[in-house]
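Chemist: Structure incoming, see below.
The values are calculated or read from the model by the stated rules, or taken from the named source; none is laboratory data. What you see is a predicted model, and the numbers here were worked out from it, not measured in a lab. Heads up, the Cβs are rebuilt from the backbone with ideal geometry, glycines too, and the neighbour counts pull from every protein chain shown.
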Amino acid sequence: MDARPQIGQFVKVLRGKDEDSFAVILAIVDERFVMIADGNKRRFDGPKKKNVLHLELQSAISPEVSSSMHETGRVTNAKLRYAIQKFVNAKGE
């Protein structure tokens, strides 16, 4: 597993008020920070800037989110919610 965060990758939030929730990486800011959203509380147009140290990178990457971001530079909140739902169900949490 690549230790570097990637666009479309699932993360578990370890710190902050969204602790223990899952989100998807939308953008890489720099070495330390990424922008995440879950399509619900954190929508695509208001992503949260998170320190990578406060996130637990999951081994899965959402192909839907990843391809959408690479093709159009954006992704719908419904797609984010759907991807996270699918991921959480598959993970069995």
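Chemist: Name every residue in region 55-89 that is farther than 14 Å from Lys12 by Cβ, in a helix (DSSP H, G or I) and among the hydrophobic types (A, V, I, L, M, F, W, C), in order of residue number.
Modeler: Those that are farther than 14 Å from Lys12 by Cβ, in a helix (DSSP H, G or I) and among the hydrophobic types (A, V, I, L, M, F, W, C): Val65, Met69, Ala78, Leu80, Ala83.
Chemist: Listed residues Lys50, Lys41; which is closer than 14 Å to Val11 by Cα and charged (D, E, K, R)?
Modeler: The match here is Lys50.
Chemist: Condition first: over 24 Å from Arg32 (Cα atoms), among the acidic types (Asp, Glu) and out of contact with any Pro (no Cβ under 7 Å at 6 or more places or on another chain). Can you find one or more residues in region 53-63 that meet it?
Modeler: no
Chemist: Separate question: Right, Phe10: aromatic (Phe, Trp, Tyr), modelled with pLDDT of 95 or more and not in a loop (DSSP other than H, G, I, E, B) or not?
Modeler: Taking the combined requirement at face value, the residue satisfies it.
Chemist: List, please: which pairs have Cβ atoms under 7 Å, are six or more places apart or on different chains, and start with a residue in region 38-64 that is within 15 Å of Val88 (Cα to Cα) and end with one that is in a loop (DSSP other than H, G, I, E, B) and at pLDDT 95 or above?
Modeler: Listed pairs, sorted by first residue: Asp38/Ser21; Glu56/Leu14; Leu57/Pro5; Ile61/Gln6; Ile61/Gly8; Ser62/Gly8.
Every residue, every condition in (1) surrounded by 20 or more Cβ atoms within 10 Å (Cβ to Cβ); (2) in contact with a Lys or Arg (Cβ under 6 Å, 6 or more places away or on another chain); (3) basic (Lys, Arg), yes or no:
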| residue | (1), (2), (3) |
| --- | --- |
| Gly8 | yes, no, no |
| Arg15 | no, no, yes |
| Glu56 | no, yes, no |
| Arg74 | no, no, yes |
